[in-house]
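Rule-based calculations on the coordinates, nothing more; no lab input. Everything numeric here is computed off the predicted structure, so don't read it as measured data. All Cβ positions, even for glycine, are placed from backbone atoms using ideal geometry, and neighbour counts span all protein chains on display.
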Amino acid sequence: MIDSHCHLDHEPLVDDLKNVIQRSKNIGITKVLTISTSFQSFLRIKKIINQDEIIFGTIGIHPHKTKTDNASKNYLVQNFNENKKIIGIGETGLDFYYNNSDKEKQIYSFNRHIEAAIELDVPLIIHSRSAEDETYEILSNFKNKNPKILMHCFTGSQIFAEKLLKLNAWFSASGIITFKNSIDLQNTFKFLPLEKTLIETDSPFLAPVPNRGKKNEPSFLEYTAKKLAEIKKISKSEISEITSDNFNKLFFN
């Protein structure tokens with residue numbers, strides 16, 4: 001299995017990293033992608049990716065951080081090229097759930113991340129919340145340049161998913177698919193093609209059932225894999241193999 005999205009630089013994971021990674025290996029995880037959310041986050045990630053061979057990282061600014069952290073395309077490209085274990089651009093995107101006061105900054109940042117990912121020809125890890133129309137519109141502007149789109153922790157509508165598939169997007173399932181009230185999302189992942197599906201923890205957030213309420217970690221990925229296998233009506237081992245192959249195709253081909 002591969003955890004395609006987690007935040008190892010966040011507490012409590014960063015303070016127990018050796019044990020967190022060992023528990024991940026114990027359940028068969030072969031790669032962990034730890035995601036940058038700010039300038040300070042990236043500085044921590046540059047150190048963390050050297051702690052174990054299974055850890056890889058990204059460079060990016062989360063939409064919540066765009067009020068204070070404003071990365072240029074050149075900054076993203078230059079820092080990406082400095083380390084071979086940095087393999088993606090993000091987490092970027094749009095989040096208008098709480099307010100729209102920083103909407104313009106989020107949109108500006110999102111565009112710079114897209115440009116960097118296209119120039120580097122690497123995956124773009126996208127966060128989209130309460131911004132389906134705006135996210136799709138911006139991505140559509142770059143359609144002819146074929147960005148490698150990964151919708152992280154996808155919770156969007158099936159209509160949104162259908163539109164994104166036309167942009168050749170990939171979709172990552174998180175522990176949210178294990179929640180009792182996620183029937184619509186489960187149906188969306190039932191609809192999505194397996195060859196476009198990855199899995200993630202988004203740890204330390206969004207711990208899956210039966211660990212809901214706890215601090216999440218990569219080793220909890222097995223519960224998301226089990227639920228996705230149930231949704232897709234195949235075995236957990238098949239889900240693990242397929243989603244791992246998908247990750248490797250997206251990030252290493």
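Remark: region 2-252 carries a charge dipole of roughly 260 debye about the Cα centre, counting +1 on each Lys and Arg Cβ and -1 on each Asp and Glu Cβ.
Projecting the Cα positions of I183, T68, Q40 onto the charge dipole of the chain (unit charges on Cβ atoms of Lys, Arg, Asp and Glu, taken about the Cα centre) puts I183 furthest along the positive direction.
For the chain, calculate the relative contact order in percent as a whole number, restricting contacts to Cα pairs under 8 Å that are 6 or more residues apart. Walk me through the intermediate numbers first.
Values: 507 pairs, mean separation 47.7, N = 253.
Here the relative contact order equals 19 percent.
With only Cα atoms counted, region 2-252 has Rg and Dmax values of 16.7, 45 Å.
May I ask for the net charge around T30, where only other residues with Cβ less than 12 Å from the Cβ of T30 are counted and Lys, Arg are +1 while Asp, Glu are -1?
Neighbourhood net charge equals -3.
Cβ crowding within 10 Å ranks S203, S4, S219, S182 as S182, S219, S203, S4, fewest other Cβ atoms first.
Over all other residues within a Cβ to Cβ distance under 13 Å of I61, the charged ones net out to +1, with Lys and Arg as +1 and Asp and Glu as -1.
For the chain, what does -39500 (n - 2.57) per DSSP helix run (n ≥ 4), summed and divided by total residues, give at 222 nm, in deg cm²/dmol to the nearest 500? It would help to have the intermediate numbers written out before the result.
Working: 9 runs with 102 residues, N = 253.
Calculated from helices alone, the mean residue ellipticity at 222 nm is -12500 deg cm²/dmol.
So what's the net charge close to S182: Lys and Arg +1, Asp and Glu -1, counting the other residues with Cβ under 13 Å from its Cβ?
Working: positive: K180, K190, R212, K227; negative: D184, E230.
Within the 13 Å Cβ shell, the charges total +2.
Considering only beta bridges that DSSP places wholly inside region 2-252, some 0 percent are antiparallel. Loop-located trypsin sites (Lys or Arg not before Pro) in region 80-157 (DSSP state not H, G, I, E or B) with no more than 12 neighbouring Cβ atoms inside 10 Å: K84.
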